[in-house]
Amino acid sequence: MASQLHSEIPAPTVERLVLYRRLLDSLAQNGVEYVHSHELAEKANNSAAQVRRDLMSIGYTGSPAHGYAVADLVKRIGRLFDKKGDQKAALVGIGKLGRAILGYFALRQPHPRIVAAFDSDKEKGQGDIAGCPCYPIEELINVIVREKISIGIITVPAQHAQQVADLMLLAGVRGLLNFAPTPLKVPAWAVVDHVDITTKLEKVAFFTELKAGKPPC
């Protein structure tokens, strides 16, 4: 029943649960034992009702008197995201963005772990970056199969993104995080999420201009 419930959690709820876990981790590190829904909502920039609905989607409820037990809630959310074992990710495109991502995640030891990086430039595809081994793109299929990598991160120019996606899916990757500014065509069984930084910046610029001159509430 629990696994069926988790499989039906909407994508926006999953994103908020990831954010809650990060906020709760920070609270735990600062010695906070309990947090109320309105306090977590303020940190997450949403409503207390939304927090309660999100946590109820994983079968978790708090105490009216004390709120949510921080350490216990971290474990509960962790079981949702970490239950699949040691998932591994690979990155293709060791340019400035790719290097920044490798360096960023090396400091945070996330789940899943990035265990391999690839590039068509043989000079970039050797050695390691922030502890992550680098390989030439020709070794992608062998490494993905050997390491049982299930998630791919694409940081190549737009004109190469689809080819890279096809290659990773052929090797056995089932989920893609695409930073290239172009949509990808993938089979129905594959999961893909797009992160277009330029589009997001333009969106912020548009609404910033729209609200220019309006006094803060």
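Miscellaneous remarks
- Here the contact order of the chain, divided by its residue count and restricted to Cα pairs under 8 Å and six or more residues apart, works out to 13 percent.
- Which of ASP119, ASP72, ASP193, ASP54 has the fewest Cβ neighbours within 10 Å, and the rest in rising order: ASP193, ASP72, ASP119, ASP54
- Backbone phi angles across segment 187-203, fed through the Karplus curve with coefficients 6.51, -1.76 and 1.60 (θ = phi - 60°), yield HN-Hα couplings of x, 4, 7, 8, 9, 9, 10, 9, 10, 9, 5, 4, 4, 5, 5, 5, 4 Hz in residue order; Gly and Pro are listed as x.
- Segment ASP121-ALA100, length gained on full extension (0.36 nm per residue, minus Cα span): 5.8 nm
- Prolate/oblate/rounded label for segment 88-200 (Cα gyration tensor, a/c 1.5): rounded
- Two-decimal Rg/Rh across segment 2-80, once Rg and the Kirkwood Rh are taken from alpha-carbon atoms: 0.93
- The loop-placed trypsin sites (Lys or Arg not before Pro) in segment 63-115, going by DSSP, that have at most 14 neighbouring Cβ atoms within 10 Å of their Cβ come out as LYS83, LYS84, ARG108.
- Cα-based reach from LYS200 at 18 Å (exclusive), listing aspartates and glutamates while leaving out same-chain residues under 8 positions away: GLU15, GLU209
- Ellipticity estimate at 222 nm from DSSP helix runs (n ≥ 4, -39,500 (n - 2.57)) divided over the chain, nearest 500: -14500 deg cm²/dmol
- Selection from GLY67, ILE9, GLN50 lying farthest towards where the dipole of segment 2-80 points positive, charges on Cβ: ILE9
- Judged by the mean number of other Cβ atoms found within 10 Å, the most tightly packed of the peptides 29-35, 134-140 leads the ranking 134-140, 29-35.
- Of the Cα atoms belonging to the chain, the radius of gyration and Dmax stand at 20.0, 60 Å.
Read-outs throughout are calculated quantities, based only on the coordinates presented, and are distinct from any laboratory measurement. In this text, all values refer to a predicted model and were calculated from it rather than measured experimentally. Virtual Cβ from ideal backbone geometry, glycine too; neighbours counted across all protein chains shown.
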